[in-house]
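The structure appears below as structure tokens.
The values are calculated or read from the model by the stated rules, or taken from the named source; none is laboratory data. It should be emphasised that the depicted structure is a prediction, and the values quoted were computed from it without experimental measurement. Quick reminder, even Gly has a Cβ in these numbers, built from the backbone with ideal geometry, and neighbours come from all protein chains shown.
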Amino acid sequence: MKKAFGIIILFQFFFISLLAQNSLPPVDKSPMDMGYYPANYPVQKINDKITEPLAARVIYSRPQKAGRTIFGGLVKYGEIWRMGANEATEIEFYKNVRFGGKKINKGRYTLYAIVNETSWTIIVNKETDTWGSFKYDSKKDVARSQVLVQKTDFVTESLAMAFEKSTAGFNLIIAWDNIRASIPFTF
């Protein structure tokens, strides 16, 4: 018993000294988040309340507006955007989908956008695990399609993404600042 107590004290001392050395990374200014279609799929699965199979998951970092001009400022019009911060936004399809009239096989992809005032060109690209848009290669594009954007009456401080059901599949909703885009995927 004394030996086990001694080991616990030693572990606590080691952990506290690691924290004191600040060996853990600081909290990122643009934390990573993820969304599922159907919404809250992991919680539904744990509670045995699944009403439809998992179709998609998006993983992205959430930069803040922080008083900046976002579209046409931080995110330049006419240039490639990684749709978030840090690592480029990734979407995973758990079944085949269609986007912009093209079939996309189930699998993991990177999402990019070319932003303009009234529309965005959404790009699904097969290169994954890339930082930002620095390694974007258009030869790896799987599909591209233009979507209209809407101005909102409110400001979304942190970039947000969520899925919503549609009649033929689902939409990926993207909101930041006073702009909202809806990206349709069908089955």
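Screening Ser133 with (1) out of contact with any strand residue (DSSP E or B) (no Cβ under 6 Å at 6 or more places or on another chain); (2) at pLDDT below 95; (3) among the polar types (S, T, N, Q) gives one miss only, at (1). Only one entry of Arg57, Arg98 meets the criterion of being within 19 Å of Asp141 (Cβ to Cβ) and assigned to a strand (DSSP E or B), and that entry is Arg98. If you go through segment 142-187 and pick out every residue that is out of contact with any Gly (no Cβ under 7 Å at 6 or more places or on another chain), under 25 Å from Thr128 (Cβ atoms) and surrounded by fewer than 17 Cβ atoms within 10 Å (Cβ to Cβ), you end up with 6. Looking only at segment 158-187, which residues are closer than 16 Å to Leu54 by Cβ and within 13 Å of the chain's Cα centre (by Cα)? If the condition is that a residue be closer than 16 Å to Leu54 by Cβ and within 13 Å of the chain's Cα centre (by Cα), then Ala162, Phe163, Leu172 are the ones that fit.
Residue pairs whose Cβ atoms lie under 6 Å apart, separated by 6 or more positions or on different chains, with the first residue in segment 103-122 and more than 11 Å from Val149 (Cβ to Cβ) and the second in a loop (DSSP other than H, G, I, E, B) and of a type in the set (Val, Ile, Thr), are Arg108/Thr128; Thr110/Thr128; Leu111/Thr89. Of the residues in segment 43-57, at least one is basic (Lys, Arg), surrounded by 13 or more Cβ atoms within 10 Å (Cβ to Cβ) and within 20 Å of Trp176 (Cα to Cα). Of all residues in segment 67-97, exactly one satisfies the criterion of being among the hydrophobic types (A, V, I, L, M, F, W, C), in contact (Cβ under 8 Å) with a residue 24 or more places away in the chain and more than 24 Å from Pro184 (Cβ to Cβ), namely Ala85. Let me confirm something: among Ile123, Ile104, which residue is of a type in the set (A, V, I, L, M, F, W, C), under 22 Å from Arg180 (Cα atoms), in contact with a strand residue (DSSP E or B) (Cβ under 9 Å, 6 or more places away or on another chain) and buried (at least 18 other Cβ atoms within 10 Å of the Cβ)? Unique residue meeting the criteria: Ile123.
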